[in-house]
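In what follows, a single structure is set out as structure tokens and then discussed.
The values are calculated or read from the model by the stated rules, or taken from the named source; none is laboratory data. Everything numeric in this text was worked out from a predicted model, so none of it was measured. Here the Cβ is made from the backbone with ideal geometry for all residues, glycine too, and neighbour counts use every protein chain on show. Quick note on the areas: whole protein, heavy atoms, side chains included, nothing else; ligands and nucleic acids left out. Shrake-Rupley method; radii C 1.70, N 1.55, O 1.52, S 1.80 Å.
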Amino acid sequence: MKLKQHITKLLLVLFLVPSFAMAQVDFNKRPDDDLGNVEDEFQEHFFEALKQKGIENYERAVEALHRCLNLDSKKPVIYFELGKNYNKLKNFGAAEDNLKKAISMQPDNEWFLDELYDVYFQQDDIDNAIKTIKQLVKYHPDYKEDLASLYIREKRYKQALNLLDELDEELGVSEARDAMRNEIYNITGNADDRIENLEQRVANNPNNEENHLKLIYRYSQTGDRKKAYKAAQNLLKVKPDSKFVHLALYKFYLQDGKVEDAINSVKIALTSPEINADAKAKVLKDFVGYVSENPEYEGDLVDITALIDDNKDAKTYSDLGQYYLKSGDKEKALANFKEALKQDPNDFKLIKDVLLLQIDLQDYNAVIEGSEAALELYPAQPLLYLVNGVANNNQGNFKKAIDNLEMGLDFLIENPKMESDFYSELSKAYKGINNISKSEAFAKKAKDLKAQQ
């Protein structure tokens, strides 16, 4: 992580050159000696260097700066500009030498130190980068974050965590620092330190809902269900109107057999606009799974899904379709799969689920229409040709069935079960057009393949 350079850096250059700052110069007056000529020449070369650097012609900038040095070698800004240009040219040795010269003349100049830090950072010279950035931390807290990042790279995790703690205390927590902290915990596997930090945050600021939620999650992740449950209950006491806490509570209630409380939590979670669609889909999927094993609560599932009729996404409809399919209600399963397909019309799994259910329910016209539309999207999917052939056979469209089944066989690769189904349908189709010899040949192929399975 490299601290962004401030826009004001270039402007400050002018203040570093005393002869440029705020002087009232009468350009029409002829100088009494040659010092005026020297100063004019210096300024000409210096601004030429800035111009060349601005158009990324760093070598010419260096040449102009060396001309400045020949005229006056006591201005630290010249060495600073040389360091920057050499850095751009990847001549890190020369960049370091010139920047160190500038720093020796102005030891407390932030911009000089920052550029030297960048030289070391680009070379992956972490030891020197750390030494330099330690001098910079007094100027801006962002440098502390850079230092913490370097400590992580050097596996100095305790020092990194101490810095992050300092910054959290000074500035409050931030997502960026939390990401660094979690990176350390993930590397070290030290779940206790992570949880201890969150417990301290909750103690320090009990009204911060996010810290409570993170603590619940971390307890759950480490398998400490008892503490996770207690943390969720604590959050509910502190913030009775919390919606996010119910994303955890419904699970605990279901595990404890408190079904009415669980249903209430599920309803709150699913109807809360603050909670995103993915989280809601997970809640509904869990409750659908519970109801599939406890069918006496199907009425509650119906009530819950009615609450979110206008907000169900494709995944929610798909999960409901799978539930009804498992419970044997093919009509409701199909209705939900079709709703899911409306929202995600290119999802091949949904297309397949709908077509297979339509075949089971003998809605052959819908299968023919749906499979032909799907073949425009997936012309190499053999299943689509097979279901089309099945539907056309059942509608008496035997020649059309033959065309689609024979075409589908060309796309079939190493699937004996589906190949056997193709042959069985081709046998029916050829029998339908009274070609008995071909019908029997395909029937034999189907029988032989089934015997091998």
Counting only residues that are open to solvent by less than 40 Å² (accessible area, probe 1.4 Å), among the hydrophobic types (A, V, I, L, M, F, W, C) and farther than 13 Å from ASP114 by Cα, how many does segment 79-91 have? 1
Just checking, how many residues over segment 67-95 are among the hydrophobic types (A, V, I, L, M, F, W, C) and in contact with a Phe, Trp or Tyr (Cβ under 7 Å, 6 or more places away or on another chain)? 6
Residue, nearest to ASP114 (Cα to Cα), within segment 142-195, restricted to residues that are open to solvent by 50 Å² or more (accessible area, probe 1.4 Å) and not in a helix (DSSP H, G or I): GLU154
Taking segment 94-121 and keeping residues free of Cβ contacts under 8 Å to residues at least 24 places away in the same chain, open to solvent by 40 Å² or more (accessible area, probe 1.4 Å) and over 25 Å from ASP142 (Cβ atoms) leaves ASP97, SER104
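Can you confirm whether ALA102 is in contact with a Pro (Cβ under 6 Å, 6 or more places away or on another chain) and part of a helix (DSSP H, G or I)?
yes
Just to check your reading of the model, which residue among SER371, SER439 is over 24 Å from ASN336 (Cα atoms) and small (Gly, Ala, Ser)?
On the way: SER371 fails: over 24 Å from ASN336 (Cα atoms).
The match here is SER439.
Determine which member of the set ASP124, ASP40 is part of a helix (DSSP H, G or I) and surrounded by fewer than 16 Cβ atoms within 10 Å (Cβ to Cβ).
Values: ASP124 fails: part of a helix (DSSP H, G or I).
Every option except ASP40 fails the conditions.
Of the residues that sit in segment 405-441 and are of a type in the set (Lys, Arg) and farther than 22 Å from GLN453 by Cβ, which one is surrounded by the most Cβ atoms within 10 Å (Cβ to Cβ)? Step through it out loud before you land on a result.
Going through segment 405-441, the residues of a type in the set (Lys, Arg) turn out to be 417, 428, 431, 438.
Right, trim to farther than 22 Å from GLN453 by Cβ and you get 431, 438.
Details: LYS431: 17, LYS438: 15.
For segment 405-441, the residue satisfying everything is LYS431.
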Here the qualifying pairs (Cβ atoms under 8 Å; residues six or more apart or on different chains; first in segment 174-188 and more than 11 Å from ALA148 (Cβ to Cβ); second open to solvent by 50 Å² or more (accessible area, probe 1.4 Å) and modelled with pLDDT under 85) come out as TYR185/ASP193
Would a scan of segment 204-221 turn up a residue that is of a type in the set (Ser, Thr, Tyr) and surrounded by 19 or more Cβ atoms within 10 Å (Cβ to Cβ)? yes
Between ALA391, ALA401, ALA451, which is surrounded by fewer than 22 Cβ atoms within 10 Å (Cβ to Cβ) and of a type in the set (Gly, Ala, Ser)? ALA451
Would you pick out the residues in segment 110-127 that are closer than 19 Å to LYS144 by Cβ and not acidic (Asp, Glu)? TRP111, LEU113, LEU116, TYR117, TYR120, PHE121, ILE126
Against the definition (outside any helix (DSSP H, G or I) and out of contact with any Ser or Thr (no Cβ under 6 Å at 6 or more places or on another chain)), how does GLN362 come out, yes or no? yes
Which residue is farthest from ASP353 (Cα to Cα), if the candidates are limited to segment 369-381 and must be assigned to a helix (DSSP H, G or I) and open to solvent by 20 Å² or more (accessible area, probe 1.4 Å)? GLU376
Among the residues that make up segment 337-352, is at least one of them buried (at least 16 other Cβ atoms within 10 Å of the Cβ), farther than 26 Å from VAL302 by Cβ and either of a type in the set (A, V, I, L, M) or in contact (Cβ under 8 Å) with a residue 24 or more places away in the chain (or both)? yes
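Kindly indicate whether any position in segment 222-241 is among the aromatic types (Phe, Trp, Tyr), closer than 27 Å to ARG156 by Cα, in a helix (DSSP H, G or I) and without any contact (Cβ under 8 Å) to a residue 40 or more places away in the chain. Lay out the reasoning, then the answer.
Looking only at segment 222-241, we keep the residues that are among the aromatic types (Phe, Trp, Tyr), and these are 229.
The next check asks that each one be closer than 27 Å to ARG156 by Cα; those that pass are none.
No, segment 222-241 contains no residue that is among the aromatic types (Phe, Trp, Tyr), closer than 27 Å to ARG156 by Cα, in a helix (DSSP H, G or I) and without any contact (Cβ under 8 Å) to a residue 40 or more places away in the chain.
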